[in-house]
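The values are calculated or read from the model by the stated rules, or taken from the named source; none is laboratory data. The structure displayed is predicted, hence computed values, not measured ones. Heads up, the Cβs are rebuilt from the backbone with ideal geometry, glycines too, and the neighbour counts pull from every protein chain shown.
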Amino acid sequence: MGQQFTRIAVKVGSNVLTRADGTLDVTRMSALTDQIAELHKSGVEVILISSGAVASGRSEIHTLKKLDSVNQRQLFSAVGQAKLINRYYELFREHGIAVGQVLTTKENFGTRRHYLNQKNCMMVMLENGVIPIVNENDTISVSELMFTDNDELSGLIASMMDAQALIILSNIDGIYNGSPADPASTIIREVGQRKDLSSYIQASKSSFGRGGMLTKTNIARKVADEGICVIIANGKRDNILVDLLRHPAETLCTRFIPSPQPVSSIKKWIAHSEGFAKGEIHINQQATEVLSADKAVSILPVGITHIEGEFEKDDIVRIIDYSGNPVGVGKANCDSAQAREVIGKHGKKAVVHYDYLYIE
């Protein structure tokens with residue numbers, strides 16, 4: 001018996017969609033489209049996060065002069081994205097399914113308003129039977145504002161859209177307990193909460209993707225902590241998506257067990273907002289100990305030792321413990337000047353309220 005997911009996010013990596021020469025593998029795209037169409041017709045809502053724009057454009061353009069890596073990426077992705085979405089459009093149309101393009105940037109997740117606008121747009125698509133196809137807008141993203149890669153983007157999308165599962169399709173079967181090249185290595189089938197995998201992970205990146213297995217596991221853990229099942233599997237295996245949902249026990253993959261406690265939608269947004277933090281709130285030893293006790297606590301002025309940086313009310317701030325380690329992120333209840341005025345004082349309102357605080 002398969003798993004009863006009604007909404008899933010599927011991330012397809014560059015290495016699944018790209019041939020050895022760097023061009024787009026249309027046969028693989030077609031096979032994945034057939035699988036997604038089958039799930040869609042059985043009542044599963046699918047959000048597709050697809051890489052492949054740069055690979056798609058690479059074969060199309062022969063540059064007249066040498067370009068730096070950012071210009072080259074912008075050019076290839078601008079041409080390639082048009083080609084990629086057009087190919088998906090044609091493939092899904094054969095199944096009578098409409099698709100819609102969602103191009104996004106990291107900044108679109110930085111404010112709650114932009115975040116909810118994106119969510120609303122994709123909800124309308126799902127409600128009308130349209131499959132959203134999401135990619136980073138590489139034509140306007142510059143290096144420092146880019147997602148680590150589409151793994152990070154897929155985690156944000158799965159979380160934002162309240163997906164029950166995030167399936168990350170790579171070109172290997174999952175996370176190995178040693179080097180994938182070593183015949184003695186086997187796939188770790190299940191990863192429980194709080195399990196440390198750092199000793200197993202190879203730091204090398206995949207040949208076409210920007211993020212390696214370390215990125216995937218960090219994102220998988222964060223998303224699983226929010227109550228979403230995360231699966232890392234091989235997108236080049238025949239019928240992999242259908243098998244993962246219909247025959248989960250027999251299908252080779254690494255599955256991250258989700259937290260049984262659901263997380264509120266605002267906390268999900270905050271959990272993924274670390275990259276947008278405007279300042280830091282440093283707390284004392286007592287406040288650090290209270291935070292790590294798994295109780296519902298807010299950041300009160302009495303526990304704050306100092307404030308770094310400038311921020312406005314509702315900005316995302318980092319929480320730094322008394323040893324100087326980042327321990328979480330939260331939404332500021334006041335601006336930095338007001339926070340500085342109340343440092344160390346008793347009886348003042350929370351600088352970061354528990355409802356808007358995510359402890360890592």
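Miscellaneous remarks
- For the range 1-35, taking the residues that are in a loop (DSSP other than H, G, I, E, B) and under 23 Å from the mean Cα position of the chain (by Cα), the one that is modelled with the lowest pLDDT is identified as GLN3.
Each row is one residue, and each column tells you yes or no for (1) surrounded by 18 or more Cβ atoms within 10 Å (Cβ to Cβ); (2) hydroxyl-bearing (Ser, Thr, Tyr); (3) not assigned by TED's automatic domain parsing to the domain that holds SER159.
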position: MET29; (1), (2), (3): yes, no, no
position: ALA37; (1), (2), (3): yes, no, no
position: GLU45; (1), (2), (3): yes, no, no
position: SER51; (1), (2), (3): yes, yes, no
position: LEU64; (1), (2), (3): no, no, no
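- A single member of VAL327, VAL263, VAL352 is of a type in the set (A, V, I, L, M) and more than 23 Å from the chain's Cα centre (by Cα), and it is VAL352.
- Residues in the range 307-335 that are over 25 Å from ASP225 (Cα atoms), touching a Lys or Arg at 6+ places or on another chain (Cβ under 8 Å) and in contact (Cβ under 8 Å) with a residue 24 or more places away in the chain: ILE307, GLY309, GLU310, PHE311, GLU312, ASP335.
- The range 155-187: number of residues that are among the charged types (D, E, K, R) and without any contact (Cβ under 8 Å) to a residue 12 or more places away in the chain: 1
- Looking across the range 157-177, just one residue is on the phi > 0 side of the Ramachandran plot and surrounded by fewer than 18 Cβ atoms within 10 Å (Cβ to Cβ), and that is ASP162.
- Hey, ASP151 at pLDDT 90 or above, within 27 Å of ASP21 (Cα to Cα) and either assigned to a loop (DSSP other than H, G, I, E, B) or acidic (Asp, Glu) (or both) or not: no
- Scope the range 288-308; condition within 18 Å of GLY344 (Cα to Cα), in a loop (DSSP other than H, G, I, E, B) and under 28 Å from the mean Cα position of the chain (by Cα); matching residues: VAL297, SER298
- Residue selected from the range 36-60 under the condition outside any helix (DSSP H, G or I) and of a type in the set (Asp, Glu), by the criterion farthest from LEU241 (Cα to Cα): GLU60
Here's the yes/no breakdown for (1) modelled with pLDDT under 95; (2) not polar (S, T, N, Q):
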position	(1), (2)
ASN234	no, no
HIS247	yes, yes
PHE276	yes, yes
GLY279	yes, yes
GLN286	yes, no
SER292	yes, no
ASP315	yes, yes
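- Selection from the range 59-89 of residues that are in contact with an Asp or Glu (Cβ under 9 Å, 6 or more places away or on another chain) and closer than 26 Å to ILE157 by Cβ: ARG73, GLN74, PHE76, SER77, ALA78, VAL79, GLY80, GLN81, LYS83
- Residue in the range 76-93 that is in contact with a strand residue (DSSP E or B) (Cβ under 7 Å, 6 or more places away or on another chain), more than 30 Å from GLY275 (Cα to Cα) and aliphatic (A, V, I, L, M) present: no
- A search for C-beta distances below 6 Å between a residue of the range 74-95 that is without any contact (Cβ under 8 Å) to a residue 24 or more places away in the chain and not assigned by TED's automatic domain parsing to the domain that holds VAL26 and any residue that is aromatic (Phe, Trp, Tyr) and part of a helix (DSSP H, G or I), counting only pairs 6+ apart in sequence or on different chains, returns nothing.
- Residue selection: ILE281 fails the criterion of being crowded, with 18+ Cβ neighbours inside 10 Å, assigned by TED's automatic domain parsing to the domain that holds SER159 and within 27 Å of ASN108 (Cβ to Cβ).
- Flag for LYS313 being out of contact with any His (no Cβ under 8 Å at 6 or more places or on another chain) and surrounded by fewer than 16 Cβ atoms within 10 Å (Cβ to Cβ): yes
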